[in-house]
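The values are calculated or read from the model by the stated rules, or taken from the named source; none is laboratory data. Just so it is clear, the model here is predicted, and its values are computed rather than measured. In this analysis, Cβ positions are derived from the backbone assuming ideal geometry, glycine residues included, and neighbour counts consider all displayed protein chains. Quick note on the areas: whole protein, heavy atoms, side chains included, nothing else; ligands and nucleic acids left out. Shrake-Rupley method; radii C 1.70, N 1.55, O 1.52, S 1.80 Å.
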Amino acid sequence: MATSRGHFSSRLGFILAAAGSAVGLGNIWKFPFEVGDGGGAAFVVMYLVFCFLLCFPVMTAEIAIGRRTQRNAVGAFKVLNKPRWAFIGFMGIAAGLLILSFYNVVAGWAFGYVIEMLMGNFEIGTQFGDYIKDWLKIGLYGLVFMGVTAFIVSHGIQAGIERAAKILMPSLIMLMVALSAYAMTLDGAMAGIEFYLVPDFSKINGQVVYSALGQAFFSLSLGMGALITYGSYLNKDQNIVQAAAFITLMDVGIAFLAGLMLFPFVFSQGLEPTGGAGLIFVTLPGVFSDLGPNIGVIVGTLFFTLLTFAALTSTVSLLEVPVAYVVDEHKVPRKRAVWLTATFIFLIGVPSLLSNGASSILTNFIDIIGLAREGATDNSFMTFVGWIANDTFLPFGGMMISIFAAHIWKKENLSAELSLGNENYAGSFVETFINFSISYLAPFVLSMIFVLTVLSKFFAIDLL
Ligand code: TRP
């Protein structure tokens, strides 16, 4: 198995790297504000349903394709003798470049907050608007963040990605458990818990279902071949189904913990849970300030360090997808591939960087091109890139991967791959469930989502 492509050295290494990819800003930054916007616990319920019924099966299919072929997201389809399907991989690479271009900007915000907290600047929450407008500062943080991501990826699978994940993931979990335990002790915590955990099913509407599915997909890093790529570094004796179940549980668990920590904080501060994208950046510094200067600095610094770590294991996986393609298919040395790709992505991220107040054209981009929705507060270029990559490419890619695995590569081959390292797979209930989900459920639901996105976002035909 010793090829020059590199391999995860252990099962834990793969699981932590894949869970590290999944757990990121999506869980700690995006999930809570989506819950806030989506009406609380009802959104959480829908999210959980999608994670297990739809995302988990798609995840097993992605990993299986990767491990079977030992190739990147594009090459995998060529190895299976279906070169026409390689367009899925190219779309995945495009999605990865676009997502990383703005994800890195938000990661830069988080990294900058570590520094602000260290300096005891709790006022930063009230200055958030000015902070993200300061393109030079944010650009510098983003540059550092992209540099660290590239540094890790340039060291390859075992020495870079696996080692980073083994340190970062356990630290993250420990910090989050401690912070959520602390959050529970605050006055007003119960109101937060109630908002978060007691569902009001009358709040479920088309919009909630739509965002819950999008969130589940993004959060589990599906639809762009990130897990095809990571699966390609996995040994044949590993149990994929078990690993995917573990990754899903870990991702859902950490999103869940993030809410458990955040909503008590928000309610104890007397703030609204519908704070939108600024939610953690605006509310949390106030919470830390209330802890008094000393403890506040420690907890605040820890929290944003944790957020930065979570983002880092995700940016690593976003960068690895295009890099693996260039390394495998074009035989470019890894280090060169990494630095070229990272520079390119940083550059295409510059408009996103400027779209939070620095440039008024980019800040109001969606409005200017005539696609703004009524009452929308965020019409930035960065949000627009999210519409294309997260909301369009990912569900489309996920739909194609499911159709491919079930109907083109064929279920028998998928089952054969999933049986390696899992003797009891053939004939099990799990096999029936996975096959049903990727053959019918996922293609159906994801194609609906894709059509809804295109009509409602790009043609302003509101069906939700
Ligand atoms: N899942 C990550 C998060 O929740 C983001 C991410 C990393 C991602 N790699 C991905 C999303 C691949 C989609 C596809 O923050």
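Structure notes:
- Cβ pairs under 7 Å, 6+ apart, first in segment 247-263 and over 16 Å from LEU168 (Cα atoms) and at pLDDT below 95, second polar (S, T, N, Q) and more than 15 Å from the ligand (Cβ to nearest atom): LEU257/SER180; LEU260/SER180; MET261/SER180
- Residue check for PHE304: closer than 28 Å to SER380 by Cβ, touching a Gly at 6+ places or on another chain (Cβ under 8 Å) and crowded, with 19+ Cβ neighbours inside 10 Å: no
- Among (1) assigned to a helix (DSSP H, G or I); (2) farther than 25 Å from THR308 by Cβ; (3) modelled with pLDDT of 95 or more, the one test that CYS51 misses: (2)
- Breaking point among (1) open to solvent by less than 10 Å² (accessible area, probe 1.4 Å); (2) more than 16 Å from the ligand (Cβ to nearest atom); (3) modelled with pLDDT under 95; (4) not small (Gly, Ala, Ser), for ASN27: (2)
- Only one of the listed residues (GLY96, GLY139, GLY147, GLY112) is part of a helix (DSSP H, G or I), at pLDDT 95 or above and within 16 Å of the ligand (Cβ to nearest atom). That residue is GLY96.
- Which listed residue, of VAL430, VAL385, VAL445, VAL451, is of a type in the set (A, V, I, L, M, F, W, C), closer than 24 Å to LEU97 by Cα and modelled with pLDDT of 95 or more: VAL385
- Scan of segment 107-124 for residues that are out of contact with any Phe, Trp or Tyr (no Cβ under 7 Å at 6 or more places or on another chain) and at negative phi, ordered by number: ILE115, GLU116, LEU118, MET119, ASN121, GLU123
- Index of the failed condition, THR248 passing every other in (1) within 13 Å of ALA189 (Cβ to Cβ); (2) touching a Cys at 6+ places or on another chain (Cβ under 7 Å): (1)
- The test for being out of contact with any Leu (no Cβ under 7 Å at 6 or more places or on another chain), within 16 Å of the ligand (Cβ to nearest atom) and over 22 Å from GLY129 (Cα atoms) does not hold for ILE388.
- Screening ILE138 on (1) closer than 20 Å to LEU347 by Cα; (2) open to solvent by 10 Å² or more (accessible area, probe 1.4 Å) shows it passes everything except condition (2).
- Looking across segment 118-134, just one residue is of a type in the set (Val, Ile, Thr) and more than 26 Å from the chain's Cα centre (by Cα), and that is THR126.
- ALA189 among the aliphatic types (A, V, I, L, M), farther than 20 Å from THR308 by Cα and surrounded by 16 or more Cβ atoms within 10 Å (Cβ to Cβ): yes
- Among the criteria (1) without any contact (Cβ under 8 Å) to a residue 24 or more places away in the chain; (2) over 16 Å from THR229 (Cβ atoms); (3) open to solvent by 30 Å² or more (accessible area, probe 1.4 Å), the one ILE366 does not fulfil is (3).
- Residue selected from segment 54-84 under the condition part of a helix (DSSP H, G or I) and among the charged types (D, E, K, R), by the criterion surrounded by the most Cβ atoms within 10 Å (Cβ to Cβ): GLU62
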